[in-house]
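First the structure, in the form of structure tokens, and then the observations on it.
The values are calculated or read from the model by the stated rules, or taken from the named source; none is laboratory data. This one's a predicted model, so the numbers in the text were calculated from it and none came from an experiment. Heads up, the Cβs are rebuilt from the backbone with ideal geometry, glycines too, and the neighbour counts pull from every protein chain shown. Remember, those area values only see protein heavy atoms, side chains included, never the ligands or the DNA or RNA. Shrake-Rupley method; radii C 1.70, N 1.55, O 1.52, S 1.80 Å.
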Amino acid sequence: FVVETMLKTKRGTLFAAGYGINSSGSGWALVVHKSTDNGVNWSSIKLPDVQPNWGFVHSMVEDNNGVLYAGGTGFWKSADGGNTWTSLPVPYPDTYYGGFAAIYRMTITKDNSLIVSFGTGYDGVGPKVYKKTDEGDVWSELFSHYFINSIVEADDGSLVFRAGLGTSGEGSVNRYYAGTV
């Protein structure tokens with residue numbers, strides 16, 4: 001099991017999510033585990049609408065109201081601390097993963113908006129970053145940039161993100177503010 005992301009909720013629940021080899025050994029299977037006792041014991045969590053033999057979670061966040069979001073080869077929401085999850089639609093179609101956009105990174109802003117980096121860039125089109133406002137179903141495209149590895153909101157409201165491939169220093173740190181990268 002490869003852990004792609006971890007989350008500690010405001011109530012202290014721990015989540016570890018990522019992927020592992022599926023039962024047939026021919027691909028990746030989505031894996032999410034939850035602990036309510038500081039990581040001593042873990043239980044497996046099933047997210048809805050996932051192909052049984054393929055999937056991953058890249059990012060998990062908690063908004064200011066305690067709502068949890070998980071994203072990867074799907075997009076899910078939990079309003080009850082991770083006990084139950086519902087699937088959500090994504091605004092950005094991509095062709096690399098068979099007609100849907102993989103979610104790579106998410107963050108919550110001070111105004112409780114959800115910022116999500118969709119897509120891979122492998123299809124020659126840069127991934128897109130969208131903003132979803134609190135409790136709304138409307139997404140606004142903010143910008144496009146190649147392979148976003150992490151994204152956070154700075155104190156001035158700008159979005160600071162690392163883009164590029166690899167972990168040995170390749171890539172760049174960028175800033176998105178007032179409509180400009």
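For LYS128, the accessible surface of its heavy atoms amounts to roughly 40 Å² (probe 1.4 Å, protein chains only, rounded to the nearest 10). Taking a sphere under 9 Å around the Cβ of ASN149 and counting the other residues whose Cβ falls inside, with K and R at +1 and D and E at -1, yields a net charge of +2.
Each of VAL129, VAL138 has its accessible area taken with a 1.4 Å probe; listed largest first, they run VAL138, VAL129. If you take all other residues with their beta carbon under 14 Å from the beta carbon of THR5, and give Lys and Arg +1 and Asp and Glu -1, the sum is +1. Accessible area per residue (1.4 Å probe, heavy atoms of protein chains only) ranks TRP76, TRP139, TRP85, TRP42 as TRP42, TRP139, TRP85, TRP76, with the largest value leading.
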